[in-house]
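Visitor: Take this structure, written in structure tokens, and hold onto it; I'll ask about it next.
The values are calculated or read from the model by the stated rules, or taken from the named source; none is laboratory data. Note that the coordinates shown come from a computational prediction; the quantities given were computed from them, not determined experimentally. When we count neighbours, we look across all protein chains shown, and the Cβ atoms used for this are built from the backbone with ideal geometry, even at glycine. Ligands, DNA and RNA are excluded from the accessible area calculation, which covers all protein heavy atoms including side chains. Shrake-Rupley method; radii C 1.70, N 1.55, O 1.52, S 1.80 Å.
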Amino acid sequence: MIDKLDEAINELQNEIYENARAEFGDVAFERWLHPLHVGTINDPDRQARVTGSCGDTMQIFLKFENDHVKEASFLTDGCGASTVCGSFAAELAIGKTNNELLRITGETILQILGRFPEEYRHCAFLAADTLKAALQDCHEKD
Ligand code: FES
């Protein structure tokens with residue numbers, strides 16, 4: 001009985017995974033399964049929290065060393081798509097200077113993803129906007 005239940009659960013999970021992969025593409029799917037840079041940073045130099053038009057919130061934390069981002073992380077209370085986008089925003093930020101951070105946009109994240117459902121494209125812009133807001137936090141402290 002338990003074996004059959006396990007089997008049914010596995011089948012259902014596989015179906016959900018395959019549907020997600022088909023809808024979001026391989027890059028986003030893999031990052032959704034294994035998001036990088038999730039969480040806070042101890043004593044961040046810069047941080048921001050932005051609520052998007054959908055009501056979801058993104059937070060980005062940055063730590064600098066020699067004018068470059070040494071550590072970056074994110075938190076979101078949003079959907080899986082916002083987790084994927086926050087993860088790529090943090091990854092893109094690492095190693096960048098302030099000026100280089102300014103060049104990261106929602107389109108930058110969407111280009112990495114390759115394809116992404118139209119209704120979730122705003123998640124990429126929320127992640128990029130939060131990164132820029134963190135940079136603003138930087139300007140206020142300079
Ligand atoms: Fe709101 Fe993704 S950030 S649905």
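Visitor: Ranked by accessible surface with a 1.4 Å probe, highest first, in what order do PHE74, PHE125 come?
Guide: The ranking, largest first, comes out as PHE125, PHE74.
Visitor: Still on this structure, I have one more. Go through segment 35-45 residue by residue and turn each phi into a ³J(HN,Hα) via Karplus (6.51, -1.76, 1.60, θ = phi - 60°); whole Hz please, and just put x for glycine and proline.
Guide: Running phi through 6.51 cos²θ - 1.76 cosθ + 1.60 with θ = phi - 60° gives x, 9, 6, 8, x, 9, 10, 5, 6, x, 6 Hz.
Visitor: Measuring from the lowest to the highest alpha carbon on each principal axis, how far does segment 91-142 reach, largest first, in angstroms?
Guide: 39, 19, 14
Visitor: At 1.4 Å probe size, what's the solvent-accessible area of PHE61? Round to the nearest 10 Å².
Guide: PHE61 exposes around 10 Å² with every protein chain in place.
Visitor: Here's another thing I want to ask about it. Which value, in debye to the nearest 20, describes the size of the charge dipole of the chain about its Cα centre when Lys and Arg Cβ atoms bear +1, Asp and Glu Cβ atoms bear -1, and nothing else is charged?
Guide: For this selection, approximately 480 debye.
Visitor: Scanning the chain for trypsin sites (Lys or Arg not before Pro) in DSSP loops with at most 16 other Cβ atoms within 10 Å, what's the longest stretch left with none?
Guide: Longest run free of exposed loop sites: 1-102.
Visitor: Plugging the Kirkwood radius over Cα pairs into Stokes-Einstein for segment 1-116, at a temperature of 25 °C and a viscosity of 0.890 mPa s, what D comes out in µm²/s?
Guide: Roughly 157 µm²/s, to the nearest whole number.
Visitor: Now, a different point. Gain in length, THR57 to THR108, computed as 0.36 nm per residue apart minus the alpha-carbon separation, to one decimal in nm?
Guide: Using 0.36 nm per residue and subtracting the Cα-Cα distance, I get 16.4 nm.
Visitor: Quick one: how many lysine pairs in the chain have C-alpha atoms under 29 angstrom apart, if they're 8 or more apart or on different chains?
Guide: 9
Visitor: What is the P(r) of segment 50-142, as percent of Cα-Cα pairs per 10 Å bin from 0?
Guide: Answer for segment 50-142: a P(r) of 18, 54, 25, 4 percent.
Visitor: Per the Kirkwood definition applied to all pairs of different Cα atoms, how many angstroms is the hydrodynamic radius of segment 9-53?
Guide: 13.4
Visitor: Leaving ligands and nucleic acids out of the surface, order CYS85, CYS79, CYS54 by accessible area at 1.4 Å, largest first.
Guide: CYS54, CYS79, CYS85
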